[in-house]
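Worksheet: one structure, shown below.
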Amino acid sequence: MKKILLSALLAASFSANAAVISFGPASASGSGPVINFNNLVTPTGIIGDATITLNINGDFDWSGEFADITLDGFSLGRVLDNNTTNDAFNFAGDAGNQSASTVTGSATIANSVFASLILDGLLNLSFDTSAAVNCCGTVNHLSGTITFNEVSAVPIPAAAFMFAPALLGFMGLRRKAKNSVA
């Protein structure tokens, strides 16, 4: 029982906090604009997968009008092209709607991938639209969030407060074992 308590106390010396990286809103005009969000500051540790959510309004009303999304060169796929098999997002039917309203979609990024992307503490997001995206404001609105659980150490005083009783417990177990052997 004491070993279980010790394990729980040691595990509790680290905790997870929800991290949210927000980007946008941004807009762009012209034929096939590229929207970049560079040097988004990130924590460098992650627990579990990350979720990216996009809110988009613009000229995306047929399969020739789409956007390719990348995070630090890692492709998240092609969205809003009426093809749900080429991206990880859950846009309804993966179809835009000619600037009638803002559409929202989200995708999950595996822990192993996202952890390697945020190691340097910065993240770059690129939203590259096709040349056919060229009317009606082109991209009227682009914003979103990336959410995940970050690893954070418990401050030293709190960690010491939790570690000291465990250490004393080990010393007590050692003393008890010595007395039972003798």
Check your understanding: Are any of the residues in segment 12-23 over 22 Å from the mean Cα position of the chain (by Cα) and modelled with pLDDT under 85?
Key -> yes
Exercise for review: Can you work out which of the residues in segment 45-80 that are surrounded by fewer than 22 Cβ atoms within 10 Å (Cβ to Cβ) and more than 25 Å from Ile21 (Cα to Cα) is modelled with the highest pLDDT?
Suggested key: Gly64
Review point. Any chance segment 147-155 includes a residue that's under 21 Å from Arg78 (Cβ atoms) and at pLDDT 90 or above?
Key: no
Exercise for review: Only residues in segment 16-41 that are at positive phi and charged (D, E, K, R) count as the first member; pair them with residues that are surrounded by 13 or more Cβ atoms within 10 Å (Cβ to Cβ) and assigned to a loop (DSSP other than H, G, I, E, B), Cβ under 7 angstrom, at least 6 apart or cross-chain, and list the lot.
Suggested key: none
Exercise for review: Spot the failing condition for Thr145; the list is (1) in a loop (DSSP other than H, G, I, E, B); (2) touching a strand residue (DSSP E or B) at 6+ places or on another chain (Cβ under 8 Å), and only one is missed.
Suggested key: (1)
Check your understanding: Does segment 91-103 contain at least one residue that is in a strand (DSSP E or B) and modelled with pLDDT under 95?
Key -> yes
Review point. Among the residues of segment 66-87, which ones are in contact with an Asp or Glu (Cβ under 6 Å, 6 or more places away or on another chain) and either in a strand (DSSP E or B) or touching a residue at least 24 places away in the same chain (Cβ under 8 Å) (or both)?
Key: Phe66, Asp68, Gly77, Arg78, Val79
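The values are calculated or read from the model by the stated rules, or taken from the named source; none is laboratory data. What you see is a predicted model, and the numbers here were worked out from it, not measured in a lab. Note that we place each Cβ from the backbone using ideal geometry, even for glycine, and neighbour counts take in every protein chain shown.
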